[in-house]
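First comes the structure, then the notes that go with it.
Here, each number is a calculation from the coordinates, and none is a lab measurement. Please read these numbers as outputs of a predicted model, since none were measured by experiment. Cβ: placed from backbone, ideal geometry, glycine included. Neighbour counts: every protein chain shown.
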Amino acid sequence: MSIPESIVNPLYEAFVEGDADAADELVQEALKAGADPLEIINTIMIPALTDVGTAFQTGDCFLPELMMSGEAAEVAGEYLEAAIEASGQSSQKLGVVVLGTVEGDVHDIGKNIVATMLRAHGFEVVDLGRNVSPSAFVDAARERRADVVGLSSLMTTTRPAAQSTVNLFSELDLLGTYNVMVGGGSVTSDWADEMGVSYSPDAAGAVELCKQLVGATQT
């Protein structure tokens, strides 16, 4: 059954505005009315998050709004995933992304935002947390058959750890197997280019970058 018309616009607005309570209630209402959870994800949630990400990149909204939107999607997503599983449908994952803050760095707010946004857009995220060693990134990428490996490095003192991680992937001849991307205050686009990896300056950009990287791998 299609999503009731009375729910479509309010639910879109709830995601855009980051109103987790409203998103929660409206998703449950839609599911009770027999709406297809995959349709909710594909026609309302993902377009709303994409619009918020675009607004963030153009400076029309700011980090708190981006975070709230992702959190609203994460809350509603729990009901949608449960409904998909109960119905026996398969929710197509865009890909597997391993994320972590590099060794020596204990800051994870940016990494957490990226993880939330990626999950909301349909990626499976393996969050390794903070202070992650180079070998732990490699082990997780191999174990989870990652499509993308994301390194977060905020403090300038931890850029060498990011470099060591990239170097380990290179030494093991894995840069062609896994798409490695970097982000955070200590790294730049020029540095990423020198290292032969991808770069995103923010969470919204990271989502689009992962889509591109996974698409390039699958085509």
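Data table
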| quantity | calculated |
| --- | --- |
| Extension gain, Gln212 back to Val75 (0.36 nm per residue minus Cα-Cα distance, nm) | 46.7 nm |
| R0 of 41 Å, Cβ-Cβ distance Asp173-Glu39: FRET efficiency to nearest 0.05 | 0.45 |
| Residues Val96, Val180, sorted so that the one with the fewest Cβ neighbours within 10 Å comes first | Val96, Val180 |
| Exposure proxy ranking, count of Cβ atoms within 10 Å, fewest first, for Glu194, Glu5 | Glu5, Glu194 |
| Calculated [θ] (222 nm, deg cm²/dmol) that DSSP helices of n ≥ 4 give over the chain, each run adding -39,500 (n - 2.57) | -18000 deg cm²/dmol |
| Exposure proxy order (Cβ contacts within 10 Å, fewest to most) of Ile44, Ile109, Ile3 | Ile109, Ile3, Ile44 |
| Equivalent ellipsoid, the stretch 96-218 (semi-axes from 5 times Cα gyration tensor eigenvalues, Å) | 18, 16, 14 |
| Linear extension gain, Glu5 paired with Glu194, 0.36 nm per residue minus alpha-carbon span | 63.0 nm |
| Among 6-15, 138-147, the order from most to least packed when residues are scored by Cβ within 10 Å on average | 6-15, 138-147 |
| Label point distance in nm, Lys93-Phe62, each placed 7 Å from Cα along Cα→Cβ | 3.6 nm |
| Amide proton proximity set for Val182, modelled H, under 5 Å, gap of 5+ | Leu151, Ser198, Tyr199, Ser200 |
| For the chain, convex hull volume per residue from C-alpha positions, Å³ | 119 Å³ |
| Inter-label distance, nm, simple model (7 Å from Cα along the C-beta direction), Glu124/Met155 | 3.3 nm |
| Amide proton proximity set for Cys61, modelled H, under 5 Å, gap of 5+ | Phe56 |
